[in-house]
1. Which count do you get for residues in region B:5-41 that are surrounded by 14 or more Cβ atoms within 10 Å (Cβ to Cβ) and farther than 15 Å from B:V193 by Cβ?
2. Can you report the number of residues in region B:54-74 which are closer than 24 Å to A:S291 by Cα and assigned to a loop (DSSP other than H, G, I, E, B)?
3. List pairs: first residue in region B:66-95 and within 10 Å of another protein chain (Cβ to nearest Cβ), second residue among the acidic types (D, E) anywhere in the structure, Cβ distance under 6 angstrom, at least six positions apart or on different chains.
4. In region B:29-43, what count of residues is obtained for those that are touching a strand residue (DSSP E or B) at 6+ places or on another chain (Cβ under 6 Å) and more than 12 Å from chain A (Cβ to nearest Cβ)?
5. Within region A:113-134, track down each residue that is surrounded by 17 or more Cβ atoms within 10 Å (Cβ to Cβ) and closer than 14 Å to A:V98 by Cβ.
6. Filter the helices (runs of 4 or more DSSP H) completely within region A:175-292 down to those with at least 1 residues that are touching a Ser or Thr at 6+ places or on another chain (Cβ under 8 Å) and either of a type in the set (F, W, Y) or within 25 Å of A:S53 (Cα to Cα) (or both).
7. Hey, could you check region A:204-221 for residues that are within 14 Å of chain B (Cβ to nearest Cβ) and of a type in the set (A, V, I, L, M) and say which is nearest to A:Y8 (Cα to Cα)?
8. Would region A:222-237 turn up any residue that is closer than 17 Å to A:V46 by Cβ, surrounded by 19 or more Cβ atoms within 10 Å (Cβ to Cβ) and more than 14 Å from chain B (Cβ to nearest Cβ)?
Amino acid sequence: MKLSSIGYLFKEGFKNIWNNRMMSLASVVVLVSCLIITGAAALISVNMSTLISKVGDDNQITVFLEKELSDLDSVRLGSEIGKIKNVESYRFNSRSDVLKEYRKSLGDDIYESMQGDGNPFGNEYKVRLKDLSKYNDTVTQIQKIEGIEKVSDRSDVAGKLTKLNYFVTIVGSWVVLILAVVTLFIISNTIKMTMYSRRFEISIMKSVGATNSFVRIPFIIEAMIIGLLSGLLASAALLGMYNPVRNAASGIIGMIADSTLTFDQIWLPALTVMSVIGIMIGLIGSIISISRYLNKEGGSIIGK
Amino acid sequence: MIHLENVSKVYPNGTEALKNISLDIKQGEFVFIVGPSGAGKSTFLKLLIREEKATFGKIIVNGRDLMKIRKRKIPYLRRTMGIVFQDFRLIDKMNIYDNVAFAMRAIGTPEKAVKKRVKYVLKLVGLNGTEKRRPNEISGGEQQRVSLARALVNNPEILIADEPTGNIDPERSFEIMKMLVEINKRGTTVIIVTHEHDLVKKFGGRIIRIADGEITHDEFIHTKYQPDKLSDSPENTETDNSEEAENI
């Protein structure tokens, strides 16, 4: 292809959007609607995962050490806990710190009387796990360490959170995938309609000796611009709705405010991903649709 | 320039459109392809521009073997030809200038050259001053002249016109034919498919008659028509070989 053609083809791509403005508008409306639905599903899924993951992070287990264990032995035991693969972090809580936690409920008098040898608590560790689904295995490994009295049993909560996270990830992925396929189908049909309305133009281009790439490029550029524009509009709409919806949801469930992604965290990825998806849909849809006409010749393009 | 040897075309539905035809068209010839509807005239043209591939035989056009030509080379074959359609095939969204310029831009001609050539060709077909108008704002005859200008703009070696006067009134048809004769005088091979016997008789030239997929006549008719006399009308031209013409 000659260099002089490239500028012309780009100009044609832009010009075609205006010349075929009704079809362009229809394509943008369809694509924006599909991208908003798919994008909303993706955002809900990502936020649910973040929420569950944060709840999971807070769900630390407590490892109670034997009361007789000295502070030195307790520290040594802590390093044993740290060696277990699924342990993300562990924090030492001395018996006097544990007693302090109960100071308010016990009252100052009782608290004072429990100081020193009267302290009924032993040292303990607050342990966070990397993967909650491996809760049982990790607890068993911890229990095997000598000097441990017991481990707080939160297997029920861990199990439920793991299942919920798995459910949200799987369902969210399927919803997004199905919506993406539906979007591609609708867009492909919209592009086919555009191509059909311009089959005459394509047949003339071919009859005067235009190469297939010369015919194809303005359509592809046009579809990519429409895709980009739709991606930008859809992300603007989604981002515009994000904070109001998030605030409303936080009003109902308080933890949403702290445990979901903020506007600042999502605007750039959302804008980028949706613009790229819009461009890709335009690119793939137009390549598939125009190939149908490029493989035909003369009158058969316009159905004669 | 054009060489067909034992060419047959059978469509997938079994229709035998052309049966074992052979002919040669030399550079600078003025040829009418005539015959009734369904005789195989359109198939003949489609084979020449490689819209269809012959089932059997050999076709050489402008030095290219159309039985062996690669798909990606077909556009380059078509650039050596200009095609005029019965239904003009102009793009309504484009003005007259762009409709003609389109054929040059489609083959990557620089804009400066496009401007110069389009202006010249529009003047040649008598359409200077109409550049900004749209196809739906001009008459059928003018639309066909735009179509002719588009076919000529790339300076083709062969001009193929498929029923060029089919959709326009007799007076305008005569004007179009005069232009085709003048183009031929400048050295371009002109092939016209038509069923309008009057025009064939008035203008003469090589007449190839196709009937039922076969060439039944291939002869030359002389007329007294002089293309230089642009004021000529169909009424004041005479046919020399009137007997031959009656047989077309």
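Derivation of every value follows stated rules applied to the coordinates shown; laboratory data play no part. Quick caveat: nothing in here was measured; it's all calculated off a predicted structure. FYI the Cβ positions are ideal-geometry reconstructions off the backbone, even for glycines, and counts take in every protein chain you see.
1. Just the residues of region B:5-41 that are surrounded by 14 or more Cβ atoms within 10 Å (Cβ to Cβ), to begin with: B:5, B:7-10, B:16-21, B:23, B:25, B:28-35, B:39-41.
Then keep just the ones that are farther than 15 Å from B:V193 by Cβ; that gives B:5, B:7-10, B:16, B:19-20, B:28.
Residues flagged as surrounded by 14 or more Cβ atoms within 10 Å (Cβ to Cβ) and farther than 15 Å from B:V193 by Cβ within region B:5-41 amount to 9.
2. Of all residues in region B:54-74, those closer than 24 Å to A:S291 by Cα come to B:54, B:66-74.
Keeping just the survivors that are assigned to a loop (DSSP other than H, G, I, E, B) gives B:54, B:66-70.
Here the count works out to 6.
3. Qualifying pairs under 6 Å: B:T80/B:E157; B:F85/B:D162; B:I91/A:E201.
4. Residues that pass the stated criteria total 10.
5. A:M114, A:F121, A:G122, A:N123, A:E124, A:Y125 - these are the residues of region A:113-134 that are surrounded by 17 or more Cβ atoms within 10 Å (Cβ to Cβ) and closer than 14 Å to A:V98 by Cβ.
6. By residue number, A:212-252, A:256-259.
7. In this case the residue turns out to be A:I217.
8. Yes: region A:222-237 contains one or more residues that are closer than 17 Å to A:V46 by Cβ, surrounded by 19 or more Cβ atoms within 10 Å (Cβ to Cβ) and more than 14 Å from chain B (Cβ to nearest Cβ).
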